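The values are calculated or read from the model by the stated rules, or taken from the named source; none is laboratory data. Quick caveat: nothing in here was measured; it's all calculated off a predicted structure. Note that each Cβ is placed from the backbone with ideal geometry, even for glycine, and that neighbours are counted across all protein chains shown. Just so you know, the surface numbers come from the protein's heavy atoms only, side chains and all, with ligands and any DNA or RNA stripped out. Shrake-Rupley method; radii C 1.70, N 1.55, O 1.52, S 1.80 Å.
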Amino acid sequence: MPYNGNEEPPLLVVNALLNEQEPPRVYISRSFFFADTARYIRVPDSRYSSGYRNLGSHNGNLCDASACLIITNHHSPFTNNLHYIPASQASAYADELGYYTTDDLHLSPHDTVTLRVSHPLYGSASATQVCPDTIRVSIQSVEITNYAEAKIKLYIAPYHGNSDDVIFLSCGMCFDGSYSFKFDNRSYVRPLPTSLLSPYLYSYNNAFLEFNTYQSDYGYFAGQHLLLPASAIRNGLTLDLIADAHIINFPPTIEELHCAPKAVQLRLIAMACTRDYYMYVQSVKASKGYIDTYVPRLTSAPEVEGNSGDIIGQIADVFSELGGQEGTQIQCNIHGGIGHFCLSSTDTCYYEYTSTP
């Protein structure tokens with residue numbers, strides 16, 4: 001059907017999550033109106049044959065924008081000009097995805113950071129964020145259950161960043177060893193997976209309540225990320241967490257289940273982010289239908305007699321379907337364009353165990 005309405009002009013699209021410990025990566029592109037035929041025309045690199053034209057959709061990436069970061073603290077504002085780096089040096093297309101960066105970026109907690117972007121065709125855009133405080137975490141103890149779950153006692157040091165910052169917790173784990181069990185009067189031994197696993201985290205601590213983290217009808221909060229408000233760790237906080245990769249899943253009739261790890265490696269990551277990043281991530285997940293209305297039941301949680309399933313998850317699914325007829329607005333904090341510019345700080349702590357021969 002032909003479209004005869006007004007066409008929206010293209011806008012600058014800017015996306016960046018800057019971490020104080022890493023070189024910045026700022027992705028700059030342009031938006032396309034749905035009727036804009038230019039989005040189906042890719043631009044060949046001048047070093048290659050023009051026969052590459054029209055193969056695939058134009059991703060809107062811009063390699064000729066101007067971008068800078070302005071850092072303000074107790075000293076005079078300092079400007080860092082960014083330069084463009086293509087993701088692939090041998091691409092046949094000039095619009096291949098790339099990013100803008102600088103080798104001279106030094107962020108400190110509480111710095112005010114402004115990103116400014118301009119392009120001769122698509123105008124100017126900007127955003128400002130205040131850098132989160134440095135976050136520090138340490139693992140105090142770990143206990144491995146017979147279900148290959150890791151019961152972790154985690155300490156988060158006092159945090160003095162922005163009052164509305166959000167803390168993301170995630171975990172990685174790896175085993176070496178075996179588990180054994182008895183079923184139907186026969187004994188079995190199975191190896192534990194040795195690849196790096198990304199477990200779900202579980203906790204009964206009500207500090208996770210504020211950001212609507214999924215809560216099971218068993219009472220625990222759960223997800224591949226657990227979220228905390230900065231206010232919860234203002235004076236430091238000790239958390240009891242359970243990391244469960246659901247390696248061992250058996251019905252209640254299983255007997256003599258025993259996990260015997262020879263080696264265990266845990267990596268727990270804490271990331272403090274400006275609240276705009278939390279809002280952006282949640283809105284993108286909602287737009288794609290990825291809201292966490294269900295996570296696997298904690299392996300060691302007993303079956304509830306007559307339980308018809310997770311009623312909280314079922315109710316959430318119903319409301320998700322009812323609301324699915326409406327579009328979801330993506331959270332944006334870019335003035336003069338669309339996208340997000342946010343800041344973060346990260347700390348990682350490790351735990352290793354090796355059994356003696």
Which residues, counting only those in region 16-50, are basic (Lys, Arg), at pLDDT 85 or above and open to solvent by 50 Å² or more (accessible area, probe 1.4 Å)? Arg25
Filter region 156-181 for residues that are under 12 Å from Ile135 (Cα atoms), among the aromatic types (Phe, Trp, Tyr) and surrounded by 23 or more Cβ atoms within 10 Å (Cβ to Cβ) and give the result. Tyr159
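Return yes or no: is Ile144 in the same structural domain as Ile248 (by TED's automatic domain parsing), touching a residue at least 24 places away in the same chain (Cβ under 8 Å), buried (at least 17 other Cβ atoms within 10 Å of the Cβ) and within 22 Å of the chain's Cα centre (by Cα)? Full working, then the answer.
Values: in the same structural domain as Ile248 (by TED's automatic domain parsing): yes; touching a residue at least 24 places away in the same chain (Cβ under 8 Å): yes; buried (at least 17 other Cβ atoms within 10 Å of the Cβ): yes; within 22 Å of the chain's Cα centre (by Cα): no.
For Ile144, the condition - in the same structural domain as Ile248 (by TED's automatic domain parsing), touching a residue at least 24 places away in the same chain (Cβ under 8 Å), buried (at least 17 other Cβ atoms within 10 Å of the Cβ) and within 22 Å of the chain's Cα centre (by Cα) - is not met.
When you scan region 79-91, do you find a residue that is aliphatic (A, V, I, L, M) and at pLDDT 85 or above, even just one?
To start, the set of residues in region 79-91 that are aliphatic (A, V, I, L, M) comprises 82, 85, 87, 90.
Next, from what is left, pick out any that are at pLDDT 85 or above: 82, 85.
Yes, region 79-91 has at least one match.
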Mind listing whichever residues of region 101-125 are open to solvent by less than 40 Å² (accessible area, probe 1.4 Å) and either in a strand (DSSP E or B) or of a type in the set (S, T, N, Q) (or both)? Thr101, Thr102, Val113, Thr114, Leu115, Val117, His119, Gly123, Ala125
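State whether one or more residues within region 299-309 are charged (D, E, K, R), at pLDDT below 85, closer than 30 Å to Tyr188 by Cβ and part of a loop (DSSP other than H, G, I, E, B).
Just the residues of region 299-309 that are charged (D, E, K, R), to begin with: 303, 305.
Okay, now just the ones that are also at pLDDT below 85, so 303, 305.
Those still in the list that are closer than 30 Å to Tyr188 by Cβ too: 303, 305.
If we keep only those that are part of a loop (DSSP other than H, G, I, E, B) too, we end up with 303, 305.
Among the residues of region 299-309, at least one is charged (D, E, K, R), at pLDDT below 85, closer than 30 Å to Tyr188 by Cβ and part of a loop (DSSP other than H, G, I, E, B), which makes the answer yes.
Out of all the residues in region 240-260, which are surrounded by 18 or more Cβ atoms within 10 Å (Cβ to Cβ) and either assigned to a loop (DSSP other than H, G, I, E, B) or more than 27 Å from the chain's Cα centre (by Cα) (or both)?
Filtering region 240-260 down to residues surrounded by 18 or more Cβ atoms within 10 Å (Cβ to Cβ) leaves 241-245, 247-248, 259.
Once the filter is applied, which keeps residues that are surrounded by 18 or more Cβ atoms within 10 Å (Cβ to Cβ) and either assigned to a loop (DSSP other than H, G, I, E, B) or more than 27 Å from the chain's Cα centre (by Cα) (or both), region 240-260 yields Ala245, Ile247, Ile248, Cys259.
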So for region 126-141 (the condition being without any contact (Cβ under 8 Å) to a residue 40 or more places away in the chain, outside any loop (DSSP other than H, G, I, E, B) and exposed (fewer than 14 other Cβ atoms within 10 Å of the Cβ)), does at least one residue qualify? yes
